[in-house]
Structure formats: structure tokens, C-alpha cells
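The values are calculated or read from the model by the stated rules, or taken from the named source; none is laboratory data. Given the structure is predicted, the values throughout are model-derived calculations rather than measurements. Note: ideal-geometry Cβ built from the backbone for every residue, glycine included; neighbour counts use all protein chains shown.
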2 protein chains.
Amino acid sequence: MKIALAKINQTAGKIKDNLNKISDYIFNAEKEKCDLTVFPEFAVCGGYCGDLLLNKDFIEENICASNEIIKKSNIPVICGTITKDDKEGLLNSVSLFNKEFSAVVSAKHTLNDSAFNDEKYFKKKTVVDAVKIANKNIMFVVTDSCETVNENIATIFKETKIKPDMVFILGCSPYYYGKAEEYKSLMKNLAVQTKTDFGFLNMLGGNDGYVFDGLAIYVDKNGNFKLTEQSFEEKLIIFDTDGQNIEDKQNDKNKEMYDVLVLGLKDYMRKNNFKKCVLGISGGIDSALVAAVAADAVGAENVTGVLMPSKYTSKESTDCSLELCKNLNIQTKTIPINDIYDVYIKILTPSFEGKGQDLTEENLQARIRSNILMALSNKFGYFVLCTGNKSEDAVGYSTLYGDATGGYAPISDLLKKEVYELSRYRNTISKVIPEFIITRPPTAELRENQKDSDSLPEYDILDGILTKILDKQMTYSQIIESGVKEEVLNKVWKLLSVSEYKRRQSPVGTKVSKTAFLRDITLPMSNGYIWKKIQK
Amino acid sequence: MKIALAKINQTAGKIKDNLNKISDYIFNAEKEKCDLTVFPEFAVCGGYCGDLLLNKDFIEENICASNEIIKKSNIPVICGTITKDDKEGLLNSVSLFNKEFSAVVSAKHTLNDSAFNDEKYFKKKTVVDAVKIANKNIMFVVTDSCETVNENIATIFKETKIKPDMVFILGCSPYYYGKAEEYKSLMKNLAVQTKTDFGFLNMLGGNDGYVFDGLAIYVDKNGNFKLTEQSFEEKLIIFDTDGQNIEDKQNDKNKEMYDVLVLGLKDYMRKNNFKKCVLGISGGIDSALVAAVAADAVGAENVTGVLMPSKYTSKESTDCSLELCKNLNIQTKTIPINDIYDVYIKILTPSFEGKGQDLTEENLQARIRSNILMALSNKFGYFVLCTGNKSEDAVGYSTLYGDATGGYAPISDLLKKEVYELSRYRNTISKVIPEFIITRPPTAELRENQKDSDSLPEYDILDGILTKILDKQMTYSQIIESGVKEEVLNKVWKLLSVSEYKRRQSPVGTKVSKTAFLRDITLPMSNGYIWKKIQK
């Protein structure tokens, strides 16, 4: 059986364009004489639409657009749609289109996905009808996380009388590192356990900080992979269920994550109609990596790096910033902040009532820099990039309305150690980030001789603790037993719990882990919990 | 039967303090010789704990704390707890404590509450055991929205063999205007339909912008109310199920909403250990109302109003601002922004490449003001209040990192017309807001002779459209038929859909409606949908 999988990158709500793309892909699949063309979940409406799904006109337009597919479908087409019926309400459906008819063949059954509020919009549907295509009984299912796939499939096999020859899963689920391997292993297990072929196709593209990975898998009932495709490019994948295995190269972790960062930013800007972007270049590793990602995402000619030196900015910082911009071939501006800073201090001093210097003056510098970037954004329509990383966000080591500002934060889900890893990786393609930026000790340069390690544990310790808290969900005792000092753990927990309010006001960024802030991790802002060793 | 309802205000995660309060209330109920004391959902852990619920130590501490209640319970105590068993996992439970034992008598059954991700943390439990107290069979249920109450109760009556004499519902659900009436009517209908007494007790207090209303209701099987208590104060309510109806005065809408705003801000500051707050006073209605709410929440002596005039600030604005501060008896500072603004322009002009004045210069003024407030916050530990309202947030009529900044936005869920209504209401208590502020046309004063209506429809039109879109979910055609001009609706929709990114970075504020941004309404940030009349 020859199947065409349409790995497409749709925009949420852009129904007409999304429909046109679907038509083009069907046309090409037909030319290749495929038996079936498959599109992912939400192929017509794009994902995620949020409360657009409460808009009756939007639903109506989606249904009209889906009906248009009938006319195009000279071969069977399977497509993730939104459907509505008086009895069942709104469904996150799979529709079959074939010449002169269309039918809802299934709809999402397990609506327990906390990130996207499925239950707010959709009703559940448990019955799945098998469809006969090219003499095979095929069941199509919508689902979007490893946990729900298992539950869904179990239910289907329990409730079904005719055992299918093939189960095909449509998804629109976000990337995190490690997901492809999890899904491959899951599909293989399901195939072998149920002695059924299993296929999977995910949506592609960046939307609001989620990157859909476009993962496509096909594994036969004996557990042999026939297709594993995990590049981040739109394409029509054509394969034979009885053919040889088509596998693209196993991605290197750093390459994979870097490509996701590039796609996430590129799509956010494109889908919001921004062409050019601007960011502050400090001479540190974070802004260096973001500049590289930006140049790769939208072209160096569309990126402006702004140096905003103060009296605390070292000559080395300025030199390596200029070298970075030159290597990347991006535009550079230099706008010193001293004069602005001095006037603020003059105006504010009477109100400071004789109090000495403290964090106030440091934060002020960061806020002046943000104002300058926002002024350039307002004047020229540049999109402002935030350079914050996950380690900083975790402990609130950033200035609210200062460096923590921008339309998008490309590396906000990277731990500091990952920032270094991806910077080194990027340099293997072409050496753009000066070695000095990679090897110097991290500093915010907001006062004389400042180092990040004055306020925080060294980043390798901090990142280790964050991994133990966020990813491994270890207990206090387990973390202490792993060799972390109590006073250090207490400090990190305190900082993590008091900086939730900052994270809630942060720009959205690309999710690359299972524990992205604003996405997967939510602490109370008024948090009275003091974590400590439990006395038993 | 004499029942004590403990209407308490707990802090999320603050287990020890929460437990102490529970002990005190039990002690007092015992003194009054009550047959039963009832505490709301999440009484021990506080609500909402978010990902604290993933922390194993936190769960363990909660369970230990709950066990402490046993020792205190000389009379039967019903309390919302978190429990765990190996088979069922984590449960959002109701526990009975009585002298020497405790037992889980039920747990939340319908976990479809989209706002709080119940499904991420808890397992479902469908079986509810009736408990015999004072010779009555009582069923206790945890639930937190009108929709789920109905579903829950239906399931309970279906699955239960012994018909209960009383069903008592424990909640920890957020206030919105109109909720008390909805719940009263729901309880009455359930009581009459099932010929069973119904009780309800909700948590009290502000947490992260949600205000739990502490609503307490008891209605007998004939539909007679025995208790309706909807004040926003902690108290031990004691009543007799066979006694006379105890009803507090029906709240006036404006009084009720104003009290909620005061409690929301007061609790946010208290639970985050802030004593003093600061805000910019512009001479407009929004900052006037926020200043009044702040003075009522934390005391006038803890509020500082800062006037930050520019060359566009009229003498009238300054005069009425000073009058407001004097009436409220709050501290006042005046910090002019002209000098700072002029330096920015001097420094930025070469980068502006000869482009004329536009929004850039207006936004810059708002951002300078934010920097000043944040500097005072950093220097003195003041909590910064944001003065934005819902009408502005809806259409993005605010400056990101300018006026849209602060730790809390007390009136962010009020439409502009409600800002006026509550201001007039506040003046009926004592005349603090100068009449000129209420009657002048709204202006941001960011350029010569600016009025809000230069950029936006008049607020009464705008608010009307927003209500039709957000609350009534009307179709495009229905809104046009109601008398709105197409170009006006198109403009409002455009502004609403392109300003989602701003709302996502806004400070949290008190929810008072069913359609609060950041809470109940989420649009895609990359939103390709153009709303228009559907061609059929």
C-alpha cells in the first residue's frame, strides 16, 4: 500500500491558506498514484486555536473549508478536522474524504491533555470506525501524548469487533527532546503487542512557542520500521507499507535542539508578520547564541545587534560583541547608556532619601537597555528578542522589564549548560561565536567586577539542582544525598519559588524540554511552602 | 443538627499556619457544642498549589499535618485534604476526623476543571461513602463549578444504595460576579429534585488573582434556605439545620465587586509579605480607583502615589491628582520625567534616521514612568500596582513595559464602564475621587491634546462590543445586527487578536468576571483568523 503523509506547517486560524496547502499536497499525492493521503490533527484550523474554538463563525468556516476537500479527493484523504453534530457537540475529528463524500471516522477520545484545555472545547468520542482502504481495515485515531496513546489504543482494541490491519495516529503535539525515541519505541511495542501495523504523523511548525516536530513513523506488525522521518521540513512523504525502511539520519541532540530553536523563532516571526528583529548584544554567551539562532532563522540581513555599553562594560565585552556581529554579518548599532543613567540618578536621588547603592541601580541599567530596544522596535517595526535562559528564569536572575523583555525568548527553555553546548555546536557549522565569549566567566556587568557566581551557585551546580527538582522530581533528602549542600538547595528553592511572578510576565519562548516554564511548570505566586527535610 | 462551617482564608503551601487555624476553629466549634465542623476543599494545603502537588515531600507534609487533626477532633470534623494510597494515587479528598480515627469519605470525581489542571495531579474517585453523624446519613463531595456539581450529584445518586439525608459540597472555587445567585439556585433545585438537604462551603481569600468567595449555603429538602452567607470575612458560621434562616444582606453589585478587589489585593500583598505599595497617579479614573482600592486594602499610610508629569501633562491633571492623594490621605511624590525623556531622545535621535515622531515617543514616556516606579520598588521594597483595565487590555491600549507593569493589577478584569461605576460607588462611602476625574474625557496625555477616543471607539461602544464577543459569544452577524458598524467591529477584533502577546506578559489581577484574560480567555498569539461575515 502506497501512502502519502503530508507533513505540513499550518498557521492557527488561517483557514484559507491552510486549505490551499492541503489541496496542493493532495494534488501531488494523486500524481504519485498513492492509495491514501494523510494529514495531521488540526490540519485545517492549525494548532492551537485556543478560544477561537468558542467562536461559532470560526467553527462554521472550518466546516465549510473541510467540505471543500471533498472536491479535491480523487484518492482517499484522511485529515484532522473539527466537526460538529447536534448530538455530540464539537469534536476534534478525523475525517475521510473520497470523491463525492466525507465522513467522520473517529474523534479524540482522551481529552486529558492539561496544556491545551481540550475539555473546554471538545466532547469525547469513544467509538472508532474502521475504514477499508486498499483492502485494509484501518483505524484512525487522534491523540497527542505517549500516555494517552496507550490508553486510547487499549480502549479501541477493547471496544472493537473487527481487528484492524493498521492503526494510524494523527497528532499535533509539541516537541521536547527525546520525544522521537519515546514515540518510536511506543509504536513498536504497540505493533508487536497487537500484531497490527502502526503509523503516526504529527503536525509541523512553530506556534506560540510550541514546535510541532512533524514526526512520521510507520512500523509493521512484526516491529519492523518502514518509515522514520524526523526532519523539521515541510514535505510530502511517500512510502510503501511493504517496502524497504526509509529512515533519515538519527539526529544529534545539539543539532536537533538547535534546529528546533531556529524553526520556533522563524515561525513565530513569520506567522506574526515580522521580518526584522533586534537584540541587545552584551558580550555574553546568551545574546551570542540568540543572535546566531536569529541570523539562521530570518537571515543575517534582518538582524540588528545593539551594543549598549555602560561604565561597567569592559573593553573585552565590546570587542567580542563587535567580533560576533561581524562573524554573523548582522547589522550593529552602539548606543551608550551612561548619559541616560546619570539623568535618572540625578532625578531619583532626592526620592532615594540617602539610601546607598543596591540592586536598584543595577536593574535600572537593564531597564534603560530594554527601553532602547523597544524604541527601535516601535520606530522600525523590529521584533525584539529576549536572551534569557532557563537557569536564570528558574532563580529570577534577570531584571523584570529589563533583560526579561521582548516578543520572543528563543533560548528560554535551555539550561545554561545547554546554552554552551549549542553555542559550541553552532561553531562547528561555522565559527561565529568568539572563543572568549564561550570561555569567560558569566557576568551581567551591572556593577564593578560583578560575576553571576556572586549571587548564584556556579551554573553546573545550579543546573544539576534544577534538573533534580524539575525533571527528576527528587525529594529533598534524595537531593542532599546526591551531594548538594543544604544551604545551596535551600537558596535555589527559595529563589525558584519567589520568582514565579517574574516568569508569569516573561515573553514566550521555544519549548524543548518536558519541563518548560509557563508551559509545564506552574508554581503558586503566593507560595507559603518552605521545602525542607521531612522529620519522620 | 448544629453545624459549624469554618469559612477560612488559607495560604497555598503554608501547611503549618493553615493547620493551626484549623485547630483554632475546631476548638471554638467544640466550645459551641456543635455536632459537626466543616472545612472547605484544600483546607490544609491551601489553594491553588499547582506543581507543589508534584513535590513528594509536600504531599508527605500535608498528610502528616492532616493526621494532626485527629488529636483535635473531639467532635466530628470534615475537612478538604490531600490523600494518597498505593492503589488510587493522589486524591483531592474529603476526610472525616473523629476522636481517634480518620477516614477518607470521598474524593473529587469530576476532574474537568480547565483552569487548575486537576487531571495533572489527581486521580478520580467515583465512590462516595455516606457518613452517619447525629443520626443523619451525610454525603460529602468535592466539586468546584456549577457544571460539575450537577454531574457529580447525578453520579452519586445513581451509584449509591442508601439515599442520603444530606449532601454537603466542599469547594475552593474562584469568585465571579453572579456566582452566589447561580449556586443558590443550583442548590435549591438539587434539594427539591432529590428531596435531600444540600449544603455548600467555599474557601475564602485571594490567591494569585483568584478570590475565593467563602460562600456558605444550606437549603433543606423542601427548598427552604437555612443559611446564605456571602460576606468576605473569615468566620465560624454556626447554624441549626432545623432552625430559622440565617441570611446576610443581599450584596449590591458594586459593593460586592469592590470588596472583592480590596480582598484580592490585600491578600496578594499579605501572602507575598509586602506591606507598602506604590502607583503612578495620572489624574485619570483608573489610577484613582486603584489608589482607593489600595488605601482600603492596606491602609492609606502604606500607599505612595507618584505624579510623573511630562510636558503633555495638563495642570488639571496635576491638580486633581494631588486632590485625590489628599482625599485618600496617601503619601505623594512628584517626579517629572521631562529631563529623562529629553536625554533618551538626544541619545536615540541618530539611530532614528530622520524618522518623524510616532508611537515610539509616546511609549517611551510610559516606560520612563515604569522605570521610576520600579526604582522606588527596588529601593524601598514597595509593591508596584498596575492600573490597567479590561477594556484597554482587550485592545492592547497600553504600553508593554510601560503602564502595563507591576506586581498586581487590581482592576484588570473591570471594563471601563465598571471602573466608573465602582469609582462612583467608592465615593458614596466617602468622597475621595474628585468629580473632575470622573467626568473628564479619558486621555493618556502622551501627546498634545490626546484623547483615548482618537485611537479607540468610545468606551461605551467598545465595552458593548467586548461584552458581545467575550461574554455572549455572539456571531459576527448577530453583533452587526445589534447595531455595531462593521468597520468598528473589524477594528476591535483586529486589536483583540493582535494584542494577545501583551496580555500574556501582563501582571496578574483580580478575576471578577467569567471571562478574565489570562484566566478564562486565551487566543493564539500567532493568530491567522480574520473574523468576518460568513457567506452561506
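Identify, please: which residue in the range B:485-496 is crowded, with 20+ Cβ neighbours inside 10 Å and not aromatic (F, W, Y) and is, among those, nearest to B:G396 (Cα to Cα)?
B:L496
Quick one: in the range A:319-355, of everything that is of a type in the set (S, T, N, Q) and either touching a Cys at 6+ places or on another chain (Cβ under 7 Å) or not in a helix (DSSP H, G or I) (or both), which residue is nearest to the other protein chains (Cβ to nearest Cβ)?
Residue satisfying both the conditions and the ranking: A:T334.
Quick check on B:D208: is it on the phi > 0 side of the Ramachandran plot and either within 21 Å of the chain's Cα centre (by Cα) or modelled with pLDDT of 95 or more (or both)?
Yes: the conditions hold for B:D208.
For the list (1) part of a helix (DSSP H, G or I); (2) without any contact (Cβ under 8 Å) to a residue 60 or more places away in the chain; (3) more than 10 Å from chain B (Cβ to nearest Cβ), I need the number of the one condition that A:R369 fails.
(2)
When you look at A:I63, is it crowded, with 17+ Cβ neighbours inside 10 Å and either assigned to a helix (DSSP H, G or I) or in contact with a Ser or Thr (Cβ under 8 Å, 6 or more places away or on another chain) (or both), yes or no?
Considered against the rule, which asks whether it is crowded, with 17+ Cβ neighbours inside 10 Å and either assigned to a helix (DSSP H, G or I) or in contact with a Ser or Thr (Cβ under 8 Å, 6 or more places away or on another chain) (or both), A:I63 comes out as no.
Quick test for you: out of B:P410, B:P350, pick the one residue that is surrounded by fewer than 17 Cβ atoms within 10 Å (Cβ to Cβ) and either in contact (Cβ under 8 Å) with a residue 12 or more places away in the chain or not hydrophobic (A, V, I, L, M, F, W, C) (or both).
It is B:P350.
Among B:F200, B:F274, which is aromatic (F, W, Y) and surrounded by fewer than 22 Cβ atoms within 10 Å (Cβ to Cβ)?
B:F274
Does any residue of the range A:303-320 turn out to be hydrophobic (A, V, I, L, M, F, W, C), in contact with a Ser or Thr (Cβ under 7 Å, 6 or more places away or on another chain) and within 21 Å of A:L204 (Cα to Cα)? Don't jump to the end; show me each part of the working.
Step one: list which residues in the range A:303-320 are hydrophobic (A, V, I, L, M, F, W, C), which gives A:303, A:306-308, A:320.
Now restrict to residues that are in contact with a Ser or Thr (Cβ under 7 Å, 6 or more places away or on another chain): A:307.
In the following step, the residues that additionally are within 21 Å of A:L204 (Cα to Cα) were identified as none.
Looking through the range A:303-320, none of the residues is hydrophobic (A, V, I, L, M, F, W, C), in contact with a Ser or Thr (Cβ under 7 Å, 6 or more places away or on another chain) and within 21 Å of A:L204 (Cα to Cα).
Can you find a residue in the range A:16-24 that is touching a helix residue (DSSP H, G or I) at 6+ places or on another chain (Cβ under 9 Å), aliphatic (A, V, I, L, M) and more than 9 Å from every other protein chain (Cβ to nearest Cβ)?
Yes, the conditions are met somewhere in the range A:16-24.
Go through (1) surrounded by 23 or more Cβ atoms within 10 Å (Cβ to Cβ); (2) more than 9 Å from every other protein chain (Cβ to nearest Cβ); (3) over 19 Å from A:T143 (Cβ atoms) one by one and return the number of the condition A:L5 breaks.
The failed condition is (3).
Residues A:Y218, A:Y268: which one is touching a residue at least 24 places away in the same chain (Cβ under 8 Å), buried (at least 24 other Cβ atoms within 10 Å of the Cβ), hydroxyl-bearing (S, T, Y) and within 14 Å of chain B (Cβ to nearest Cβ)? Outline the logic, then answer.
Values: A:Y218 fails: within 14 Å of chain B (Cβ to nearest Cβ).
Step by step, each of A:Y218, A:Y268 is checked, and only A:Y268 is touching a residue at least 24 places away in the same chain (Cβ under 8 Å), buried (at least 24 other Cβ atoms within 10 Å of the Cβ), hydroxyl-bearing (S, T, Y) and within 14 Å of chain B (Cβ to nearest Cβ).
Check B:D454 against each of (1) without any contact (Cβ under 8 Å) to a residue 24 or more places away in the chain; (2) under 23 Å from the mean Cα position of the chain (by Cα) and name the one condition it does not meet.
Exception for B:D454: condition (2).
Out of all the residues in the range A:441-458, is one or more at pLDDT below 95, among the charged types (D, E, K, R) and in a helix (DSSP H, G or I)?
Yes, the range A:441-458 has at least one match.
Per-residue answers, yes or no, for (1) under 20 Å from the mean Cα position of the chain (by Cα); (2) part of a strand (DSSP E or B); (3) assigned by TED's automatic domain parsing to the domain that holds B:D242:
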{"position": "B:G13", "(1), (2), (3)": "yes, no, yes"}
{"position": "B:D17", "(1), (2), (3)": "no, no, yes"}
{"position": "B:S23", "(1), (2), (3)": "no, no, yes"}
{"position": "B:F27", "(1), (2), (3)": "no, no, yes"}
{"position": "B:T37", "(1), (2), (3)": "no, yes, yes"}
{"position": "B:E41", "(1), (2), (3)": "yes, no, yes"}
{"position": "B:C45", "(1), (2), (3)": "yes, no, yes"}
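Scan the range A:368-378 and give yes if some residue there is over 23 Å from A:M269 (Cα atoms) and either among the charged types (D, E, K, R) or assigned by TED's automatic domain parsing to the domain that holds A:E421 (or both), otherwise no.
yes
Strands (runs of 3 or more DSSP E) wholly in the range A:71-186 with at least 1 residues that are in contact with a strand residue (DSSP E or B) (Cβ under 9 Å, 6 or more places away or on another chain), surrounded by fewer than 22 Cβ atoms within 10 Å (Cβ to Cβ) and charged (D, E, K, R) - which ones?
Numbers: elements: A:77-85, A:89-98, A:101-107, A:131-133, A:136-142, A:166-171.
Answer list for the range A:71-186: A:77-85, A:131-133, A:136-142.
If B:M525 satisfies all but one of (1) within 12 Å of chain A (Cβ to nearest Cβ); (2) in a loop (DSSP other than H, G, I, E, B); (3) of a type in the set (A, V, I, L, M, F, W, C); (4) more than 29 Å from the chain's Cα centre (by Cα), what's the number of the condition it fails?
Every listed condition holds for B:M525 apart from (4).
From (1) crowded, with 19+ Cβ neighbours inside 10 Å; (2) of a type outside the set (S, T, Y); (3) in a loop (DSSP other than H, G, I, E, B); (4) within 10 Å of chain B (Cβ to nearest Cβ), pick out the condition that doesn't hold for A:I469.
The one condition A:I469 does not meet is (3).
Which residue is nearest to A:I337 (Cα to Cα), if the candidates are limited to the range A:373-399 and must be more than 7 Å from chain B (Cβ to nearest Cβ), in a helix (DSSP H, G or I) and not charged (D, E, K, R)?
Top of the filtered list is A:L373.
Which residues, counting only those in the range B:309-327, are under 22 Å from B:R367 (Cβ atoms) and either under 22 Å from the mean Cα position of the chain (by Cα) or surrounded by fewer than 23 Cβ atoms within 10 Å (Cβ to Cβ) (or both)?
Of all residues in the range B:309-327, those under 22 Å from B:R367 (Cβ atoms) come to B:309-314, B:317-318, B:321.
Passing the criteria: B:P309, B:S310, B:K311, B:Y312, B:T313, B:S314, B:S317, B:T318.
Which of the residues that make up the range B:240-258 are buried (at least 18 other Cβ atoms within 10 Å of the Cβ) and at pLDDT 95 or above?
B:E256, B:M257, B:Y258
Starting from residues that are closer than 14 Å to B:V262 by Cα and small (G, A, S), keep the ones in the range B:289-306 and report whichever is farthest from the chain's Cα centre (by Cα).
B:A300
Would you check if A:S506 is farther than 30 Å from A:D213 by Cβ, modelled with pLDDT of 95 or more and assigned to a loop (DSSP other than H, G, I, E, B)?
no
Could you please let me know if B:G280 is of a type outside the set (V, I, T) and either under 30 Å from B:F225 (Cβ atoms) or crowded, with 24+ Cβ neighbours inside 10 Å (or both)?
In short, yes.
Say whether the condition of being surrounded by fewer than 19 Cβ atoms within 10 Å (Cβ to Cβ), more than 14 Å from chain B (Cβ to nearest Cβ) and hydroxyl-bearing (S, T, Y) is met by at least one residue in the range A:504-517.
No - not one qualifying residue is present in the range A:504-517.
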